[in-house]
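See structure below.
The values are calculated or read from the model by the stated rules, or taken from the named source; none is laboratory data. Being a predicted model, the structure only gives us computed values, none of them experimental. Cβ sites come from the backbone with ideal geometry, for glycine too, and all protein chains shown count toward neighbours. Areas reflect the complete protein model, heavy atoms only, side chains present, ligands, DNA and RNA absent. Shrake-Rupley method; radii C 1.70, N 1.55, O 1.52, S 1.80 Å.
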Amino acid sequence: QISLLIGFISVNNSSWTDYSAYSFFQIVTMCDLVMILFFYIMHIFRVYRKLTCVSWPLAEFLHYLIGTILLLIGSIVAAAKSYNITGLVAGATFGFLATILCVISMWSSYKVSCITQSTSKYH
């Protein structure tokens, strides 16, 4: 989440010429930040226990999957259109770092929620 925030701030404070590339990157980073914050709040207040009609492990997995794909696309476009402006290069770099961290988080979320639940059913 911090790398997403740093990438957003780097791009936001730079001067850029290609409006569509960096507005897409900013929208993707802000949507990811909001959704990560949403899932943290859901876990902190244990709302998932009251809303049992939603498969929360699946919802979190899909959030990370879609967010990671969009963040990867946004980072590739941002890196291609950076034109060696340091703030834009830094934003794209932190976007790639956030993509890697999202993949790790997605894997750990899947590993903890789905694999643990499937093995606990048989014991």
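Tabulated results
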read-out: Hits in segment 6-32 - residues which are under 14 Å from Leu71 (Cβ atoms) and open to solvent by 80 Å² or more (accessible area, probe 1.4 Å); value: Ile27
read-out: Unique match (being under 13 Å from Ser105 (Cβ atoms), aliphatic (A, V, I, L, M) and not assigned by the TED database to the domain that holds Thr99) among Ile36, Ile27, Ile41; value: Ile36
read-out: Residue match in segment 58-81 (condition: buried (at least 17 other Cβ atoms within 10 Å of the Cβ), without any contact (Cβ under 8 Å) to a residue 40 or more places away in the chain and over 17 Å from Gly7 (Cβ atoms)); value: yes
